[in-house]
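One structure below.
Just so you know, all these numbers are worked out from the coordinates, no wet-lab data involved. What you are looking at is a predicted structure, and each value in this text was computed from that prediction instead of being measured. Cβ atoms come from the backbone with ideal geometry, glycine included; neighbour counts cover every protein chain shown.
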Amino acid sequence: MTRRIFLLDSYQRTFSATVLEKRLIDGSPAVRLDATLFYPTSGGQMNDRGHLSGVEVFDVIVREGEIWHLLAAELPDESPIHGEIDWPRRFDFMQQHTAFHILAGAFSHAMKIETLSSHLGETFCTIDVKCPDLSQDEMNRVETIANQVVWENRTIKAQSCKSEDLPKLPVRKLSDLPNDIRLIAIDRWDLDPCGGTHVASTGEVGLIKIWGKERIRGSIRCRFSAGGRCLRQLQEQGKSIQELSEILSTGLADMPRAVQKTLDELSKVKKANQMLFAQFLEVWCADLAHQALSKTVVVRVFPGLSADELRLLARRASQESAAVFLLAAPAERTAFVFATGKPGIDLHVVLNHLSTKIDIKGGGKADFIQCSGPNIGDDLEPLLEQAALIVANL
Ligand SMILES: [Zn+2]
């Protein structure tokens, strides 16, 4: 059994150990040591990373009760080996993990809400609590209380107790482990069985932010972060808000109103555009119908139309005339619609011809085909005219 040094001192960064066993795990060299500082993924907390005698440790897992260090290469043949954990990553997880305990205490003390589980990820952490819903005011209250506990800089200590003594203690959650239980005690705040890594006083957590919530099977999952990670996220958010503020030419307080006003205006413009398109559609349809009087195949390019608008136009034109319509709307990609109301014509010949010239994607029925291809500029109309000749000779 590996001695878990991280349980004794979360702040130790380097250690020496002897290799007990080597094996391949999922194709990677892995070692089991007589002692380790590397925290394995467990209890909702992600693994440490770092190096063993200069070789990268990219994952640390528990298999059959033993800790295995997964390595980027074989270890050099030396003893003892020297280990060093990735300290910024470890300290970040110590801040997140301790923030979880503080939040769980806040939910318990302030709201009488039970904590169900947690997950400490690399970007965000989550805490699942047993309640049907949480309002923004309630989340703000828990967040404020949790941060007060941070500012009070309460001590955090690990202590052990016999499993049979656990029910006599004011623990937040019982444990079904058979042996001695490791308890994490935040002074006058939270007592919880836990094998993770924590900071020594709540002040080191720095800051706790609840970012949002979602409903998960009758409980609520709150997304949170703490410490340096939280500061970086707030800095990123601040930068985005500043950029938005400059784009909208307004301050933070007026931003929701400015965004709503812009969306309302956009909605009006969209409606006006739809009305204009409906009017233009009549004009374009009449024009296509006029051309269809003298041609069996009508080629037209409509710059600026969307693929949906082009489809609508082709549908209308082919319903009102028996000609073949080869329409295109050049944009970043060019939209094509080939349509006819004349029975017995398979417009796949057009698609097949174009696909010998350009990279074109799409399909449809014999009388109505939609596709898209690259923007080929001035070559577009000649290409469609070539296809028109093929169709005219069918
Ligand atoms: Zn813990």
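Gain on full extension, evaluated as 0.36 nm per residue between residue 109 and residue 74 minus their Cα-Cα distance, stands at 7.6 nm.
At 0.36 nm per residue, minus the direct Cα-Cα distance, what do residue 287 and residue 8 gain on full extension? Give it in nm, one decimal, please.
Numbers: separation 279, 0.36 × 279 = 100.44 nm, distance 8.41 nm.
Gain in length upon complete extension: 92.0 nm.
Could you grab the Rg to Rh ratio for segment 134-233? Cα atoms only, Kirkwood for Rh.
Numbers: Rg = 15.5 Å, Rh = 15.2 Å.
On the Cα set of segment 134-233, Rg over Rh gives 1.01.
Distance between the modelled labels on residue 169 and residue 64, one decimal in nanometres: 3.2 nm (7 Å Cα→Cβ projection). Phi angles across segment 105-115 convert, under the Karplus curve 6.51 cos²θ - 1.76 cosθ + 1.60 with θ = phi - 60°, into 3J(HN,Hα) values of x, 5, 4, 5, 6, 7, 10, 6, 10, 7, 8 Hz, Gly and Pro given as x. Expressed as a fraction of 2.2 N^0.38 Å, the value expected for a compact globular protein of N residues, the C-alpha radius of gyration of the chain is 1.56.
Gain on full extension, evaluated as 0.36 nm per residue between residue 272 and residue 35 minus their Cα-Cα distance, stands at 78.1 nm.
Checking the cross-link pairs 112/157; 271/357; 271/295; 268/295; 162/209 against a 28 Å limit on the alpha carbon distance flags 271/357; 271/295; 268/295; 162/209 as lying beyond it.
Taking the chain as a Gaussian network, where each spring joins two C-alpha atoms under 10 Å apart, which residue of 334, 18, 41 fluctuates the most? Result: 334 has the largest fluctuation of those listed.
Can you give the relative contact order of the chain as a percent, counting alpha carbon pairs under 8 Å and 6+ residues apart?
On the way: 719 pairs, mean separation 37.8, N = 394.
Worked out over the chain, it gives 10 percent.
Under a Cβ-Cβ cut-off of 11 Å, what is the net charge of the residues other than residue 46 that fall near it, where Lys and Arg count +1 and Asp and Glu count -1? So the environment of residue 46 carries a net charge of -1.
Model label points for residue 155 and residue 25, set 7 angstrom from Cα along the Cα-to-Cβ axis, are 3.6 nm apart.
Distance between the pseudo-spin-label points of residue 249 and residue 263 (7 Å out from Cα toward the beta carbon): 2.2 nm. Across segment 282-297, computed HN-Hα scalar couplings (Karplus, 6.51 cos²θ - 1.76 cosθ + 1.60, θ = phi - 60°) run 4, 5, 5, 5, 4, 5, 5, 5, 5, 5, 5, 5, 10, 10, 8, 10 Hz from first to last residue, x flagging Gly and Pro.
Which of 318, 240, 163 has the fewest other C-beta atoms within 10 Å, and how do the rest follow up to the most?
On the way: 318 23, 240 10, 163 15.
Lowest to highest Cβ neighbour count: 240, 163, 318.
Close amide-amide hydrogen proximity is noted between residue 50 and 57, 86, each under 5 Å apart and 5 or more residues distant or on a separate chain (H modeled in the peptide plane; Pro and chain starts excluded). On a straight-distance basis, which aspartates and glutamates could pair with residue 365 in a cross-link, Cα separation under 16 angstrom, same-chain partners fewer than 8 positions away excluded? Cα-Cα hits under 16 Å: 346. For the chain, a simple Cβ point-charge model (Lys and Arg +1, Asp and Glu -1, everything else neutral) yields a dipole of about 940 debye relative to the Cα centre. Farthest towards the positive end of the charge dipole of segment 1-132, among the residues 93, 31, 54, is the Cα of 93, using unit charges on the Cβ of Lys, Arg, Asp and Glu. The mean of 1/r over all distinct Cα pairs in segment 3-85, once inverted, gives the Kirkwood hydrodynamic radius of 12.5 Å. Each residue of segment 19-32 was assigned a 3J(HN,Hα) from its phi angle through the Karplus expression (A = 6.51, B = -1.76, C = 1.60, θ = phi - 60°), giving 6, 8, 7, 10, 7, 9, 10, 6, x, 10, x, 9, 10, 10 Hz with x at Gly and Pro.
Could you size up the charge dipole of segment 1-143 around its Cα centre, putting +1 on the beta carbon of Lys and Arg and -1 on that of Asp and Glu, and report it in debye to the nearest 20?
On the way: 13 positive and 22 negative charges, 62 e Å.
Value, rounded to 20: 300 debye.
Over the chain, DSSP H runs of length four or greater, each weighted -39,500 (n - 2.57), average out per residue to a 222 nm ellipticity of -12500 deg cm²/dmol.
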